[in-house]
1. Which condition from (1) exposed (fewer than 15 other Cβ atoms within 10 Å of the Cβ); (2) at pLDDT below 95; (3) over 17 Å from the mean Cα position of the chain (by Cα) is the one that S137 breaks?
2. Enumerate the helices (runs of 4 or more DSSP H) found wholly within the range 1-70, keeping only those where 3 or more residues are of a type in the set (K, R).
3. Going residue by residue through the range 80-91, is there one that turns out to be surrounded by fewer than 21 Cβ atoms within 10 Å (Cβ to Cβ), at pLDDT 95 or above, in contact with a strand residue (DSSP E or B) (Cβ under 7 Å, 6 or more places away or on another chain) and part of a helix (DSSP H, G or I)?
4. Quick check: is even one residue across the range 109-117 in contact with an Asp or Glu (Cβ under 6 Å, 6 or more places away or on another chain) and either more than 26 Å from K56 (Cβ to Cβ) or not small (G, A, S) (or both)?
5. If you take the residues of the range 195-227 that are out of contact with any Leu (no Cβ under 9 Å at 6 or more places or on another chain) and under 19 Å from G133 (Cα atoms), which of them is most open to solvent (accessible area, probe 1.4 Å)?
6. Checking the conditions here, which among A175, A161, A145 is buried (at least 17 other Cβ atoms within 10 Å of the Cβ), touching a helix residue (DSSP H, G or I) at 6+ places or on another chain (Cβ under 6 Å) and in a helix (DSSP H, G or I)?
7. Would you please list the contacts, defined by Cβ atoms under 9 Å and residues six or more apart or on different chains, that run from a residue in the range 158-171 that is over 12 Å from M119 (Cβ atoms) and in contact (Cβ under 8 Å) with a residue 12 or more places away in the chain to a residue that is of a type in the set (S, T, N, Q) and in a helix (DSSP H, G or I)?
8. Any residue in the range 192-210 that is in a helix (DSSP H, G or I), modelled with pLDDT under 95 and touching a Lys or Arg at 6+ places or on another chain (Cβ under 6 Å)?
Amino acid sequence: MSKHIIITGTSRGIGFELVQLFAKAGHQVLALSRNNQPIENLQLEHVTAFTFDLSKDDDYKKVRDFIETQWKQVDVLINNAGALLNKPFLETTIADFEHVYKTNVFGVSEMTRTVLPFMNENGHIVTISSMGGVQGSMKFPGLAAYSSSKGAVITLTELLAEEYKETGPSFNVLALGAVQTEMLEEAFPGYEAPTTALEMARYILDFSLHGHKYYNGKMLQVSNSTP
């Protein structure tokens with residue numbers, strides 16, 4: 001059965017692959033990214049692509065209007081957009097932290113707030129975090145802003161699941177290990193991750209459609225490295 005899926009951060013990497021996988025499976029997709037051209041160029045059936053900036057209030061209104069006029073209901077929201085900064089802590093500024101948190105934390109909360117009124121008890125909100133945001137996991141210097149922001153959305157997910165446990169939808173967060181994406185390459189040139197964007201996208205697609213039957217308010221570590 002065709003579902004209505006919203007995905008942020010769709011111009012490249014995991015988000016780009018997810019849009020194609022959902023479209024091929026016959027689902028209706030709203031693809032949101034600051035650069036909508038890569039998705040537009042694919043000319044996919046069932047896919048609407050918006051230019052969207054998580055830090056702009058007007059862009060959320062555009063999404064709300066689209067849902068109200070075109071869909072009425074949303075089944076799955078995947079908060080995938082992310083900003084990654086690799087910089088020694090003492091060289092970072094408050095503006096650096098604001099930029100990362102605006103996308104990785106405030107963007108997640110505002111997108112969730114925008115979409116929630118259109119979801120029912122069977123809806124599923126999946127937020128993409130990182131193993132770097134998991135307490136006790138391996139940490140990398142230079143990622144103070146990024147990894148702490150990814151820790152914030154793990155706690156946010158737990159709180160939202162608690163607040164909506166009687167009515168739904170379900171909220172879960174996936175803490176991903178290293179995935180070979182353009183964003184990773186920009187932050188860590190030459191590093192080779194064990195997982196491709198397409199492989200991870202296949203897992204996320206399946207989890208977003210079925211995971212809420214088994215999990216709510218959970219952080220799942222999706223990493224094949226130890227620790």
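1. (1)
2. Numbers: elements: 13-24, 37-42, 57-66.
The qualifying helices (runs of 4 or more DSSP H) are 57-66.
3. No: the range 80-91 contains no residue that is surrounded by fewer than 21 Cβ atoms within 10 Å (Cβ to Cβ), at pLDDT 95 or above, in contact with a strand residue (DSSP E or B) (Cβ under 7 Å, 6 or more places away or on another chain) and part of a helix (DSSP H, G or I).
4. Looking for residues that are in contact with an Asp or Glu (Cβ under 6 Å, 6 or more places away or on another chain) and either more than 26 Å from K56 (Cβ to Cβ) or not small (G, A, S) (or both), one finds none in the range 109-117, hence no.
5. T226
6. Details: A175 fails: in a helix (DSSP H, G or I); A161 fails: touching a helix residue (DSSP H, G or I) at 6+ places or on another chain (Cβ under 6 Å).
That would be A145, the only listed residue that is buried (at least 17 other Cβ atoms within 10 Å of the Cβ), touching a helix residue (DSSP H, G or I) at 6+ places or on another chain (Cβ under 6 Å) and in a helix (DSSP H, G or I).
7. Matching pairs, first to second residue: none at all.
8. The answer is no, given that none of the residues of the range 192-210 is in a helix (DSSP H, G or I), modelled with pLDDT under 95 and touching a Lys or Arg at 6+ places or on another chain (Cβ under 6 Å).
The values are calculated or read from the model by the stated rules, or taken from the named source; none is laboratory data. Predicted, not measured: the structure shown is a model, and the values here were computed from it. Here the Cβ is made from the backbone with ideal geometry for all residues, glycine too, and neighbour counts use every protein chain on show. Note: areas computed on protein heavy atoms with side chains; ligands, DNA, RNA excluded. Shrake-Rupley method; radii C 1.70, N 1.55, O 1.52, S 1.80 Å.
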